[in-house]
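Scroll down for the structure; my scribbles are underneath it.
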Amino acid sequence: MDYRHEEFQFEEGSRIQVFDVAKKQETLHCHDCLELNRIESGTGNYIIGGKVYEICPGDIFVINNRERHLAVHKEPVRMTVILFSSEVWKDWYNQDYLKPFFQRTEDFSNQIRKKEEGYDKLDQTFSSIKEEAEQKETGWRNVLEAAGVLLLSYLYRYYAGRKHIAEEGNAALYPEKRTEQVFSYIEEHFREEITLQEIADSLAVSKTYLCRYFKEMTNQTVFEYVEQVRIQYACCLLKKVDLSIAEISLASGFGSVSLFNRMFKKYMHMTPGEFRK
């Protein structure tokens, strides 16, 4: 199974892209853009950043530019996807309506369900954007962008009302080139036994500088990030492939099953066996 960062190619002149997805996803991935999904039909599980959500028709999912995600399902799942390019969200960075992507409390949920208060306005605006993108009448790109701001504003209202907006954002979501290099190295080598020295050497910096810099940018240590990447990958393997816990432990970069079990319980609050059921 691959694990990668994807650069989405927007249509020329477009900063917001809308499309339907029906094919089965095979790769744990993230995009260099912000993403909203609405499930049109089908059921299954959505793995987003190590969390797992049960998919139901009508669900809306909120995914930022660093969250690896993968829909896992046996029957077909069809979803409408709205992507906001990095050009758009960097222009809007200081606006409240981007906080659900960048300023989250620990109990933040990527999933918004039909029964929840505030869902109807999100759903209606989502449908309006989809219709505008399909019909492409005169000035549709301008309408799309205006409707996009409205959708994100309703999104902010929804999460702010639940007190799921944190006071500060995550600088790692707007990484500098050097931070991206650390992310890229880890994502390429996390299945292997990697050391701080190897990561520091890849950037031509000292271990001390690497640790201090990464902590300042992400508010976590290098190996906390490595652990999270490994756990996210293990979650996908547990749901998608018929391997033993020991085999998945090794495939995800953990040196022992006991370490894997301990780290899995730390981040997922359950054992790998319980997660797989």
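So what's the angle, to the nearest 10 degrees on a 0 to 90 scale, between helix 177-189 and the longest Cα principal axis of the chain?
60 degrees
With N set to the number of residues, divide the alpha-carbon radius of gyration of region 207-268 by 2.2 N^0.38 Å and report two decimals.
Relative to the rule-of-thumb radius for its length, region 207-268 sits at 1.26.
Keeping the other protein chains in place, figure out the carbon and sulfur percent of the accessible area of the chain, with a 1.4 Å probe.
Carbon and sulfur atoms account for 46 percent of the accessible area of the chain.
In percent, how large is the relative contact order of region 1-120, given Cα pairs closer than 8 Å and 6 or more residues apart?
Averaging sequence separation for qualifying contacts and normalising by length gives 30 percent for region 1-120.
At 222 nm, what helix-only mean residue ellipticity would the chain give, in deg cm²/dmol to the nearest 500, using -39500 (n - 2.57) for each DSSP H run of four or more?
-14000 deg cm²/dmol
Among 47-53, 159-165, what's the highest-first ranking by average C-beta atoms within 10 angstrom per residue?
Packing order, densest peptide first, comes out as 47-53, 159-165.
Taking the 0 to 90 degree range and rounding to the nearest ten, how far is the long axis of helix 222-240 tilted relative to the main principal axis of the chain, both from C-alpha atoms?
Taking the Cα atoms of the chain, the angle to 222-240 is about 70 degrees.
In whole angstrom, how far apart do the alpha carbon centroids of region 22-63 and region 222-236 sit?
The distance from the Cα centre of region 22-63 to that of region 222-236 comes to 19 Å.
Out of every Cα pair in region 135-239, what percent are spaced more than 17 Å from each other?
66 percent
Could you report the chain's accessible area per residue, 1.4 Å probe, as an integer in Å²?
Result: 50 Å² per residue.
Enumerate the lysines that Lys24 could reach by cross-link, defined here as Cα to Cα under 16 Å, with residues fewer than 8 away along the same chain left out.
Lys74, Lys239, Lys240
By per-residue mean of other Cβ atoms within 10 Å, what is the highest-first order of 7-15, 77-85, 220-228?
Per-residue mean Cβ counts within 10 Å order the peptides as 77-85, 220-228, 7-15.
Report D for region 54-212 in µm² per second (integer): Stokes-Einstein, Kirkwood Rh on Cα pairs, 10 °C, 1.306 mPa s.
Translational D for this selection: 87 µm²/s.
Could you grab the relative contact order for the chain? Cα pairs under 8 Å, six or more apart, rounded to a whole percent.
16 percent
Give the whole-number value, in cubic angstrom per residue, of the convex hull volume spanned by the C-alpha atoms of the chain.
Residue-normalised Cα hull volume stands at 132 Å³.
Specify the angular offset, from 0 to 90 degrees and rounded to the nearest 10, of the alpha carbon long axis of helix 140-161 from the longest principal axis of the alpha carbons in the chain.
60 degrees
The values are calculated or read from the model by the stated rules, or taken from the named source; none is laboratory data. Just so you know, these numbers come straight off a predicted model, no measurement behind them. With ideal geometry, Cβ positions are generated from the backbone for all residues, glycine too; neighbour counts draw on all protein chains shown. The area values use the complete protein model at the heavy-atom level, side chains included, leaving out ligands, DNA and RNA. Shrake-Rupley method; radii C 1.70, N 1.55, O 1.52, S 1.80 Å.
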